[in-house]
Structure formats: C-alpha cells, structure tokens
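I have placed the structure first, in the form of structure tokens, so that the comments after it can refer back to it.
The values are calculated or read from the model by the stated rules, or taken from the named source; none is laboratory data. Note that the structure is predicted; figures quoted are calculated from it, not measured. Neighbour counts are summed over all protein chains in view; Cβ atoms, including those assigned to glycine, are modelled from backbone coordinates with ideal geometry. With ligands, DNA and RNA removed, areas are computed over all heavy atoms of the protein, side chains included. Shrake-Rupley method; radii C 1.70, N 1.55, O 1.52, S 1.80 Å.
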Amino acid sequence: RKLALHYQPRVELATGMVDGVEALARWQHPTMGRVDPEEFIRLAEDTGLIRTLTLAILDSALAQAAAWEREGCPLRVSVNISARNLLEPIFPMQVAERLADVGISPRLLQLEITESMLMSDTEAAIATIDALQALGVGLSIDDFGTGYSSLAYLKRLPVEELKIDKSFVFDMIESEADNSIVRSTIALGKTLGLRVVAEGVETEAALAALTALECDIAQGFLIS
C-alpha cells in the first residue's frame with residue numbers, strides 16, 4: 001500500500017521532446033522513511049515476492065498509461081522486469097491480459113531487461129523475449145555494459161534500444177575510460193540499428209557531451 005510509482009521522463013536529444021517515461025518504484029515506510037529501492041527489490045528477490053511485485057508495478061504503470069492516453073497525451077511507459085518473471089513461460093500471457101484489461105496498444109509499454117538476466121537460462125529467457133516482442137511490446141537492454149552477455153546474445157535479441165548504465169554516464173566528463181565506454185556503446189547501438197539511452201544524466205556538461213556524440217535519448221535528475 002505504501003509502494004508508489006514515480007515516472008521519470010526520457011528526452012530525445014535531437015528534438016527536446018519527451019519520448020516516454022520510466023516507472024520507478026518507491027517505498028515510503030511509515031517509520032523508516034524512504035527505503036532504498038535496491039534494498040527492497042533485493043528483499044523481494046530473496047523472498048520470491050519479486051514476481052508479485054513486478055506484476056503489481058506493471059498493473060499500476062499500465063493504468064497510468066491508459067489514463068494519460070484518455071487525456072490525449074499517450075506516453076510509452078518503461079517497466080523493469082525481474083529475471084524470475086522473464087524465465088516464466090506464462091509471463092507473456094500475463095502481460096497480454098493486462099494490456100487487454102486497460103485497453104491500450106502494446107506499443108505504449110516497454111519492458112527493460114538486464115544483460116545478467118540472460119545468464120541463468122539463456123534459451124528460456126530468449127523464448128520469453130521473443131513472445132513479448134510478438135505481442136508488440138517494446139524491449140530494452142537496461143544497465144548495458146555492466147553484465148557479461150556476449151554480442152552473440154545481443155544479436156539474437158529482438159530489442160529496440162540499449163540503455164547505458166548510469167555508472168558510466170556519471171563520470172564521463174572526468175573519466176576518459178567512462179567517456180570511451182559511452183562513446184563506444186553509442187557507436188555499437190547505431191551499428192545495430194538500436195536507439196541508445198543514457199541514464200543518470202545530472203550535469204549540463206554530460207548532456208552536451210551526449211548530444212555531441214549523437215546519443216538518442218537521455219534521462220536523469222538534470223532533466224527531471
């Protein structure tokens with residue numbers, strides 16, 4: 001009941017227009033105050049509640065997307081999904097049912113997965129991803145550069161975009177190594193025909209550098 005979703009805008013660098021939003025789960029505890037998302041997500045993973053939590057977040061995000069569409073402002077909503085959901089053959093059907101319940105196009109939903117999710121059972125994960133893509137749902141690789149998947153996996157996945165992990169974007173101005181990683185990831189994405197999103201944009205200098213590198217989309221506290 002205390003769990004709420006905040007929606008962080010994603011902005012197209014070429015136009016300045018909002019491309020969509022990412023749903024971010026936040027928990028305001030009555031006595032502990034705000035609980036760090038990494039902490040309660042980890043607890044949900046450890047206890048097995050992450051499947052239920054992911055579906056609850058998906059329900060709220062889709063309801064909000066439907067409300068925005070009714071108001072004449074359709075926005076694609078991105079939702080992070082867990083490895084447990086990704087490895088469940090029933091998950092694509094659960095997504096399809098929820099899209100039908102709220103009556104919105106699958107294109108208004110984007111699901112974010114991480115590279116590390118592919119490592120435990122690659123074939124099962126790819127089968128689920130293929131089924132989600134067949135629904136018309138958008139798919140994104142989140143935290144790109146922090147996992148261990150090979151380019152062979154990336155080539156097989158029907159994803160639309162790569163999201164550069166914020167740890168590289170934070171220090172891309174001061175760190176030549178991080179700058180090189182960001183630059184290389186943008187070039188890789190363009191070679192593969194994928195949109196590239198930079199997460200964790202917090203300074204004007206980083207925003208200007210990403211624009212110069214022709215990154216497609218940015219999100220972070222500088223923007224909202």
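Based on Cα contacts under 8 Å between residues 6+ apart, region 13-86 shows a relative contact order of 39 percent.
Remark: accessible surface ordering of D178, D216 (largest first) is D216, D178, probe radius 1.4 Å.
Counting helices only, and only those DSSP H runs with n ≥ 4, report the 222 nm mean residue ellipticity of the chain as the sum of -39,500 (n - 2.57) divided by its residues, in deg cm²/dmol to the nearest 500. Display every interim value, and only then the final one.
Working: 10 runs with 102 residues, N = 224.
The helix contribution divided over the chain gives -13500 deg cm²/dmol.
Derived scalar couplings between HN and Hα for region 175-190 equal 10, 5, 5, 5, 4, 5, 5, 4, 4, 5, 5, 4, 5, 4, x, 5 Hz in order, rounded to whole Hz, by the Karplus curve 6.51 cos²θ - 1.76 cosθ + 1.60 (θ = phi - 60°), x for Gly and Pro.
Largest first, what is the accessible-area ranking of F91, F221 with a 1.4 Å probe? Can you show the working numbers first?
Details: F91 0, F221 150 Å².
Correct descending sequence by accessible area is F221, F91.
Label zone (E12, point 7 Å along Cα-to-C-beta; backbone nitrogen cut-off 16 Å) within region 185-224: 194-198, 211, 214-219. By a 1.4 Å probe calculation restricted to protein chains, W68 has an accessible surface near 50 Å², given to the nearest 10.
Below 8 Å, C-alpha to C-alpha, sequence gap of six or more: please give me the relative contact order for the chain in percent.
Working: 374 pairs, mean separation 38.3, N = 224.
Taking the mean separation of contacting Cα pairs over the length of the chain, I get 17 percent.
Evaluate E = 1/(1 + (r/R0)^6) for D59 and A134, where r is the Cβ-Cβ distance and R0 equals 22 Å; express this FRET efficiency to the nearest 0.05. Don't skip to the end; give the middle numbers.
Numbers: r = 22 Å, r/R0 = 0.98.
Once the sixth-power term is evaluated, E becomes 0.55.
Counting only DSSP beta bridges with both residues in the chain, what percent are antiparallel, rounded to the nearest 5? Don't skip to the answer; put the middle values down first.
On the way: 14 of 34 bridges.
Roughly 40 percent of the beta bridges in the chain run antiparallel, per DSSP.
So between Q94 and S116, what do we pick up on full extension, going 0.36 nm a residue minus the alpha carbon distance? Let's see the in-between values first.
Values: separation 22, 0.36 × 22 = 7.92 nm, distance 2.27 nm.
Here the segment from Q94 to S116 would lengthen by 5.7 nm.
Accessible surface computed residue by residue for region 82-224, with neighbouring protein chains in place and a 1.4 Å probe, gives 44 Å² per residue.
Note on region 1-80 and region 145-224: Cα centroid distance 21 Å, given to the nearest whole angstrom.
Modelled spin labels at E69 and E123, positioned 7 Å past Cα toward Cβ, are 3.6 nm from each other. Tell me, which longest segment in the chain has none of the GluC sites (Glu not before Pro) that fall in DSSP loops with at most 15 further Cβ atoms within 10 Å? Longest site-free region, per DSSP loop and neighbour criteria: 72-159.
Dividing the mean sequence gap of close Cα pairs (under 8 Å, 6+ apart) by how many residues region 1-45 holds gives a relative contact order of 31 percent. Treating r as the C-beta distance of D101 and E176 and R0 as 45 Å, the FRET efficiency rounds to 0.35. The figure for M117 is an accessible area of roughly 20 square angstrom, using a 1.4 Å probe on the protein chains alone.
What's the carbon and sulfur percent of the chain's accessible surface, probe 1.4 angstrom, rounded to a whole number?
Values: 6000 of 10900 Å².
On the chain, the fraction of accessible area on carbon and sulfur atoms equals 55 percent.
Label region 14-126 by shape, choosing from rounded, prolate and oblate, from the square roots a ≥ b ≥ c of the eigenvalues of the Cα gyration tensor; if a/c is under 1.5 it is rounded, and otherwise prolate applies when a/b is larger than b/c, oblate when it is not. Oblate shape, in that a/c is at least 1.5 and b/c is the bigger or equal ratio.
S60 exposes around 60 Å² of accessible area when a 1.4 Å probe is run over every protein chain in place. In the list (i) 26, 21, 19; (ii) 27, 17, 16; (iii) 33, 25, 16, the label attached to semi-axes √(5λ) of the Cα gyration tensor in Å as derived from the coordinates here is (i). Note on E202 and R34: the extension gain reaches 58.3 nm, defined as 0.36 nm multiplied by sequence separation minus the Cα-Cα distance.
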